[in-house]
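Chemist: Below is one structure. I have some questions about it.
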Amino acid sequence: MVLIEDEILRYAKLTEQEIRTELAILLYTQKRLSFGQARKLAGMTYPEFEKLLFERKIVSHYDIAEFEEDLKMMKHLHDLQDGSSQ
């Protein structure tokens, strides 16, 4: 957890949510966070974060590793769903 003093937020004229979003975008463009990680940091849904990147003309860098990570997550969710329906 990172704490940012209210005074800094006031000087920057940003809310806590806006700071999280800006940090998520910065780390995503630096390829330090995946799309999913950045989206979570920003507290946005997939379509919301995708739209924000599009509006800011930021190119998506969805690679094979992220695709494989998404596949694992989908399998995990599917397995959870199958386990709860029994």
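Chemist: On the basis of being assigned to a helix (DSSP H, G or I), modelled with pLDDT of 90 or more and surrounded by 11 or more Cβ atoms within 10 Å (Cβ to Cβ), does ARG10 make the cut? Talk me through it step by step, then tell me what you get.
Modeler: Values: assigned to a helix (DSSP H, G or I): yes; modelled with pLDDT of 90 or more: yes; surrounded by 11 or more Cβ atoms within 10 Å (Cβ to Cβ): no.
No.
Chemist: Are any residues in the range 33-85 within 15 Å of LEU23 (Cβ to Cβ) and of a type in the set (Val, Ile, Thr), and if so, which ones?
Modeler: Matches in the range 33-85: ILE58 only.
Chemist: How many residues are surrounded by 15 or more Cβ atoms within 10 Å (Cβ to Cβ) and either out of contact with any Leu (no Cβ under 7 Å at 6 or more places or on another chain) or not charged (D, E, K, R) (or both) if we restrict to the range 15-49?
Modeler: From the range 15-49, those surrounded by 15 or more Cβ atoms within 10 Å (Cβ to Cβ) are 19-21, 23-25, 27-29, 33-39, 41-42, 44, 49; that's our starting set.
Going one step further and asking which of them are either out of contact with any Leu (no Cβ under 7 Å at 6 or more places or on another chain) or not charged (D, E, K, R) (or both), we end up with 19, 21, 23-25, 27-29, 33-39, 41-42, 44, 49.
Summing the residues that are surrounded by 15 or more Cβ atoms within 10 Å (Cβ to Cβ) and either out of contact with any Leu (no Cβ under 7 Å at 6 or more places or on another chain) or not charged (D, E, K, R) (or both) in the range 15-49 gives 19.
Chemist: Looking at the range 41-63 only, could you name the residues that are free of Cβ contacts under 8 Å to residues at least 12 places away in the same chain, in contact with a helix residue (DSSP H, G or I) (Cβ under 9 Å, 6 or more places away or on another chain) and under 23 Å from ALA12 (Cβ atoms)?
Modeler: GLU48
The values are calculated or read from the model by the stated rules, or taken from the named source; none is laboratory data. Nothing here was measured: the structure is a model prediction, and the numbers come from that model. Neighbour counts are summed over all protein chains in view; Cβ atoms, including those assigned to glycine, are modelled from backbone coordinates with ideal geometry.
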